[in-house]
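Encoded as C-alpha cells, the structure appears first; notes follow it.
The values are calculated or read from the model by the stated rules, or taken from the named source; none is laboratory data. All values reported here derive from a predicted model rather than from experimental measurement. Please note: Cβ atoms are built from the backbone with ideal geometry, for glycine as well, and neighbour counts cover all protein chains shown. Surface accessibility is based on the protein's heavy atoms, side chains included, excluding ligands, DNA and RNA. Shrake-Rupley method; radii C 1.70, N 1.55, O 1.52, S 1.80 Å.
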Amino acid sequence: MKDITRRRVLRGVVDGSKVAVALPFLNVFLNGNGNALADGAALPVRFGTWAWGLGMNEKIFVPKTKGANWELPEEIESLKGVKQHINLYTRFNGFRDAAPNLCHKTGWVNSRAGMAPMNQTDYPGETIDITIAKKIAGPTRFSVLTTTATGNIRDSFSYENANSMSIADYSPLLFYTKLFGEDFQDPNAKEFKPNPRVMVRKSVLSGIMDSAKDLQGHVGSEDKQRLDQYFTGLRELERQFDQQLTKPEPRAACVVGKASKDEPQAGLDYTLVGKRHQMMTDLLVMAITCDQSRVFNMAYSQSAAATSKPGYDKPHHTASHEEPVDFDLGYQPQVSWFIRRSMESWAYFVDAFAKQKEGDGHLIDNVLIYATTDQSLARIHSIDNQPMFTAGRAGGKIKTGLHLDGGGSPGTRLGLTAMKVFGLDVSSWGTQSNGTNKEIGEIIA
Amino acid sequence: MKLVFKCSVASSLLATVAAVALASCSQAERVAKAPAASKVASVQVADYQGTVARVRRMTPEQYHNTVAYIFGSDIDVGSPFAPLRRTDGLLASGAASVGVTTGELQQLQRSASSIASQVIDKGSLDQHTPSRRDFLIPCKPVDETAPDDVCATKFVKEIGRLLYRRPLADARVAEFVAGAHKGAADLKNFYTGLAGVVEGMLLDPKVLMIADLTEQDPAHPGKLRLDAYSLASRLAFFLWDAAPDDQLIKDAEKGLLFTAKGRAQVVDRMLASPRIEQGTRAFFDDMFGFEDFGNLAKDASVYPMMTGATIKDAREQTLRTVVDHLLTRGDDYRALYTTRKTFMSPTLATVYQIPTKPGWVPYEFPADSPRIGLLTQISYLSLHAHPARSSPTYRGKALRERLLCQKVPLPPANVDFSILENPNPLLKTARQRLEAHRANPVCAGCHKITDPMGLALENFDGAGRFRASEKGADIDASGSLDGKEFHDVIGLGQAMHDHPQLTSCLVRRVYSYATGGPLTSTDDKAITALNAAFGQSGYRYKALLRMIATSDAFYEIVEPTTDSKTGEKKAAALSSDSAAVSK
C-alpha cells in the first residue's frame, strides 16, 4: 500500500460542496491546554452577523419563560439542536424618535447602526461589523467577508459609510475562488515561499497611492473624502500584500476541499436559497477556520424577503401583507412557513460553527454571531420587540442557552455588549433614544 | 471619411481588438448606416448654464466596455464592483456619490490581476487559445527572461494613454517602466513584469474614477470649462458608455473639442460609430431598471415556459427594439410605446404564442394584436409582476417612476393589505381585489395613482402571456392616465405616446446620464431649452444626443453653492482665482 498522508485522505474525503471536515486535534499547533496557539497567543475571537427578513409571529416565536429553562415555540423549534449555543433576545426595542417608520429599513438599520434613518435614501453610516472589524481584523486577508444566500450582490447589511455598501459575495463558486484560489496560502503548508508576484504588486502600489494623493489635490471637499476612503483601501491592500509575504500561523483544522461545480441557478425559491445558504456557510466556516477573516456577514434574505415557495403565488414579503390571518391559529400560516425556513437556515449556520473543531473545542466557542431582522410583525411593519439572537461564546466571555427579556429597553444594548466583548473603547452606542450605555450583563460570563 | 472604427476594417492594432469586441455587428452596422444626426437636427441649446464638475466611479459596464475596447471582448473581467444606488432615476447617477470600500478594492485587485494575466497570456495551441501578448503588446523584448525598457516604454505609453484617457506624463511613464523592469528582473520574465504594471494601472483612482478636471475658459474670462481630456471622457462615457478611443484622445490633443465646428465634427463621428449602440443600450438598460433581470425568476410551476433563457431574451428584445427604432430607423421616441415592430427569438415566441424562425428575426405584430409598444413586451410585463401572478400596482408604479419621472409615495407603514387576498370567491380578477383594497381610504391614496394604468395591462399575466380572463371572469382592461381615459391597452399606449412627461422625462434622464450625476438647479435652463429643441427635432433621440453633446453647457463648468436657508444646491460661476487646476 502506498503512503497515504493525513492530508491526502482528507482531500479525498472532501469533495463537492462540503468543505468543512472535523479533524483530530494536533497538539503541535496549540499550547498544552489546547486553548491557545503554540506561541501562546490566544485563539482569535471572531465576530459575525446573520440576517433574516420579516421578523416573527410573536405568539409562536417568543418562549414563555426567561433564563436558561425555556422551551422552543413551534416557529423556532428547528433551533432545538443548537439551543445550547445561542441566546434569544425578545422585548428589546428600536426607536424612531422623529423619523418615519421606513418599511423594512428602520428596523435593521437600528440594529446594525444604532440609528433611525430619516428617509429611504438615508443609508446607515458605519455598521457594527465594520466598527468591530477595525478593532479585530488584524492580520487576516479580508477585513470583512460579506455573503448572501439570495444570489443578489445587492443584499448586504454592511456599510462602511452612507455611500459605501460592502459588496456581497453571492456565488458559491466565485466565493470559493476568492477565498481559496491562487492567492490562498495554506497555513499548514510545510514550506513557505513568498509569492514574487505579490512583491511586484506591492512595489507598483506605492505609485498608485501617490496618484490618489495627486488626484485629491484637484477635487472638491466631498470628493476628497471619497478619495480618502480609496486611499484607506489602498493602504489596506498594502497591508494584505505584507500579510501574504509573511508565513501564516498554522491552523490545524484548515482543510480546503475542491470547489463545487453544483452552482445553484438564479432565483429565490426557498430550496435554491437554502442550498446557496448552505454552500456559502460551509465556505465561510472554512475561511474563518483558516483565519482568512475574523469578521463575517451572512444575509439569508433581503429585509423585505422575496423568498418564494413553488405553487404558492406570493413570495414571503407579499404574503406578509396579503395572506389573511388564520382565525383559529391567530397568525398567517404561509408567512410562518417562510419564517420557519429562515430559522432552519439559522440553525444550519450555527451548527456549522458548532461542528467545526478548533483546538480542544469548536469554532462556536470562539465566535460571537449577532442575528437581526427588520420587523417584528411584518404584516403591519412593526419594529417594536424585534427578536435578535446571538450564537457562540466569544472565547468564553458570553454565556449561551439563554432567553433574555429586554423589558422594552433599546436593542442597541446588544450591539454595545458585543463591542465591549471585543475590547472596543466605547461607553455608549446609538443615537437619540437608541443611544445606550447599558450592556446586557446577564450574558457576560 | 468620418468612421474610423468599423466592424470589418481596423485602423490600428488596438482597434483590431476592439473590432473583435463587436462580434455581433449586424445591428451595429445598420446603426452606423442610419442617417447622421446632424442632418436630422441642428438645434443648439442657446440658453444654458454650465454643469457641475464631478468625480464618479466607473460603472461595471463602463469598466467592462473600456477593458473590452483596449484588450478585447474575450477578456474576463469578473464582477468586482459594488452595486450602485439608483439616484434621481439612474444607477449611473449614483456613481457620482458612491465610495470605493476596502472590500471592493480587494475585488478590483483580484480582477485587475486576472485581466493582466490574460493580457500577457501566450496562448495554447492545444487549447486553441490565442496568444494575446502577440497582438496586445506592440513590440517583442530582446530577451523574454529579462527587462526590456524600450519595449516596456512603448507598451506603457500606448496602454496608459487609453486607460488614463490622456497621455501619461514622462515621469509617470518612467515610474511604470521602472516597475516593469523590477518585476521582470525579480520574476525573470519580461511579460510578468508588464502584468504587474497593468494590474497597478487598473487600480489607480485616475483610471477607475472619472474626474472632471477643469481649466480657465479663454473664451469666457472668469469661467471654467472641462479640460480637453475630461471633455473627451465625458463625451465617450455619454455616447459610448466607454472610455475615449484613440482618435478621440487625438482630437482632444489637437484642441478640436474647443471649437464649435470641431466639436460637431467629433460628435458626428461618435454618433455615426457602431459604438453608439453600446451607449444607447447602456442608457436604456439603466433607465428601464433592467438590472433587476439579474435576479428575476418566475415560479416554474405556474410559468414553466419562463426559463433563464426566456428572461435573458426578454431584456434583449426590448433593447433591440429600442436600438432599431431610435438609431437604425431614427423614429420618434414616443412611437416606442405604440410600435408593433420588434424582434423575436424562439424562446420568446413560446410565451407570445406565435410561430417564428431560429435565431433573432425582425417581427411585426399584426394590427389587431394587443401587443403594442414596449409596455406589452415580456420584459416590462414580467419584470413588474410577482413570481406567480401579475401586479397592476407594480406595473403602474414603474410606468410613472421609470418612464414619466414621477414619484409614487411609499405605502404607509401600518397598513393591513390582507383584504387584497380576500377569500371571497367572487373576487376573481385583480381589478376586483384592488377595488376592495381601495375601499380603505389609506390605501386608495396611492393605488389610484398606480392602478388605473396598471389594470390596462391585466390582459397579460405575470409572465407576459396574453389572457382574456382570470379565474373564469372576463378581464376589463379599461383605465386612465392623468386624465386620459381608455378602454384597453391600445389606448394606454396612445396615452403614453401623448403624455408630455414621456419626452421631458427622457430629456431629464439623458442629460443626467450625459453629465454624470443627478440634476441640480444649475441644469434647469438647459433642460427647458432641450425640451423645446427635442420637440422641434420630432423627438429624435440621436438629435437629442447631438444637441447635448455639442452644447456649450456640456463643457462649461459652474460650481454649486448651497443656499443657506433651503440647503438647495445652486450654481454660480467660479471666479478665476478659485479655479481648479487641470492636469
- Item | Selection status of A:Q240, under 24 Å from B:H181 (Cα atoms), touching a residue at least 60 places away in the same chain (Cβ under 8 Å) and either open to solvent by 60 Å² or more (accessible area, probe 1.4 Å) or out of contact with any strand residue (DSSP E or B) (no Cβ under 9 Å at 6 or more places or on another chain) (or both) | no
- Note on the structure: With criteria (1) modelled with pLDDT of 95 or more; (2) open to solvent by 60 Å² or more (accessible area, probe 1.4 Å), A:T431 comes up short on (1)
- Residues of segment B:197-221 satisfying the condition of being open to solvent by 10 Å² or more (accessible area, probe 1.4 Å) and not basic (K, R): B:A211, B:D212, B:L213, B:E215, B:Q216, B:P218, B:A219, B:H220, B:P221
- Task: Test B:M287 against the stated conditions and say whether it is more than 14 Å from chain A (Cβ to nearest Cβ) and within 24 Å of B:F237 (Cβ to Cβ).
- Result: yes
- Message: Based on this model, can you work out whether B:T280 counts as of a type in the set (V, I, T) and either without any contact (Cβ under 8 Å) to a residue 40 or more places away in the chain or within 14 Å of chain A (Cβ to nearest Cβ) (or both)?
- Response: no
- Task: Using the structure shown, decide if B:A309 is at pLDDT below 95, surrounded by fewer than 19 Cβ atoms within 10 Å (Cβ to Cβ) and closer than 25 Å to A:S171 by Cα.
- Result: yes
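Report, by residue number, each residue of segment A:135-151 that is over 26 Å from A:A306 (Cα atoms), away from chain B (no Cβ under 11 Å) and not aliphatic (A, V, I, L, M). Write out each step before concluding.
Within segment A:135-151, the first condition is being over 26 Å from A:A306 (Cα atoms), and the residues that meet it are A:135-143.
Narrowing the set further to residues that are away from chain B (no Cβ under 11 Å) leaves A:135-136, A:138-140.
Result: A:K135, A:G138, A:P139, A:T140.
Quick one: which of A:A168, A:A162, A:A137, A:A189 is among the aliphatic types (A, V, I, L, M), surrounded by fewer than 20 Cβ atoms within 10 Å (Cβ to Cβ) and within 22 Å of A:D291 (Cβ to Cβ)? Working first, answer last.
Details: A:A168 fails: surrounded by fewer than 20 Cβ atoms within 10 Å (Cβ to Cβ); A:A162 fails: within 22 Å of A:D291 (Cβ to Cβ); A:A137 fails: surrounded by fewer than 20 Cβ atoms within 10 Å (Cβ to Cβ).
Criteria check complete, one pass: A:A189.
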- Given (1) in contact (Cβ under 8 Å) with a residue 60 or more places away in the chain; (2) in contact with an Asp or Glu (Cβ under 8 Å, 6 or more places away or on another chain); (3) closer than 23 Å to A:T417 by Cβ; (4) open to solvent by 10 Å² or more (accessible area, probe 1.4 Å), where does A:L377 come up short, assuming only one miss? (3)
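Hey, among the residues in segment A:171-185 that are hydrophobic (A, V, I, L, M, F, W, C) and more than 8 Å from chain B (Cβ to nearest Cβ), which one's surrounded by the fewest Cβ atoms within 10 Å (Cβ to Cβ)?
To start, the set of residues in segment A:171-185 that are hydrophobic (A, V, I, L, M, F, W, C) comprises A:173-175, A:179-180, A:184.
From what is left, the residues that are more than 8 Å from chain B (Cβ to nearest Cβ) are A:173, A:175, A:179-180, A:184.
Working: A:L173: 15, A:F175: 20, A:L179: 23, A:F180: 20, A:F184: 19.
Here the answer is A:L173.
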- Considering only residues that are without any contact (Cβ under 8 Å) to a residue 60 or more places away in the chain and within 21 Å of B:V55 (Cβ to Cβ), look in segment B:503-545 and name the one that is most open to solvent (accessible area, probe 1.4 Å). B:S521
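Pick out, from segment B:106-218, the helices (runs of 4 or more DSSP H) lying fully within it that include 1 or more residues that are at the interface with another protein chain (Cβ under 9 Å from one of its Cβ atoms). Don't jump to the end; show me each part of the working.
Details: elements: B:132-136, B:149-164, B:170-187, B:190-203, B:205-208.
Correct list: B:170-187, B:190-203, B:205-208.
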- Quick one: which residue in A:R294, A:R276 is open to solvent by 10 Å² or more (accessible area, probe 1.4 Å) and modelled with pLDDT of 95 or more? A:R294
- When segment A:257-293 is examined, which residues are found to be within 14 Å of another protein chain (Cβ to nearest Cβ), in contact (Cβ under 8 Å) with a residue 40 or more places away in the chain and farther than 14 Å from A:T147 by Cα? A:E263, A:P264, A:A266, A:G267, A:L268, A:D269, A:Y270, A:L272, A:Q292
- Could you please tell me which pairs satisfy a Cβ distance under 7 Å, a separation of 6+ or placement on different chains, a first residue in segment B:51-71 that is farther than 12 Å from B:F81 by Cβ and touching a residue at least 12 places away in the same chain (Cβ under 8 Å), and a second residue that is of a type in the set (S, T, N, Q) and open to solvent by 10 Å² or more (accessible area, probe 1.4 Å)? B:V52/B:T520; B:N65/B:Q278
- Task: Kindly indicate whether B:P387 is free of Cβ contacts under 8 Å to residues at least 24 places away in the same chain, within 14 Å of chain A (Cβ to nearest Cβ), over 27 Å from B:T503 (Cα atoms) and open to solvent by 10 Å² or more (accessible area, probe 1.4 Å).
- Result: no
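Could you check, for segment B:251-274, whether at least one of its residues is within 14 Å of chain A (Cβ to nearest Cβ) and farther than 23 Å from B:V119 by Cβ? Give the steps one after another, and end with the answer.
Applying the first criterion (within 14 Å of chain A (Cβ to nearest Cβ)) to segment B:251-274 yields none.
No: zero hits.
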- Message: What's the number of the only condition in (1) free of Cβ contacts under 8 Å to residues at least 24 places away in the same chain; (2) within 17 Å of the chain's Cα centre (by Cα) that A:M388 fails to meet?
- Response: (1)
- Task: Can you give me the ranges of the helices (runs of 4 or more DSSP H) entirely in segment A:193-292 with at least 3 residues that are touching a Phe, Trp or Tyr at 6+ places or on another chain (Cβ under 7 Å) and within 27 Å of A:M343 (Cα to Cα)?
- Result: A:270-289
- Of everything in segment B:222-247 that's touching a helix residue (DSSP H, G or I) at 6+ places or on another chain (Cβ under 7 Å) and assigned to a loop (DSSP other than H, G, I, E, B), which residue is most open to solvent (accessible area, probe 1.4 Å)? B:G222
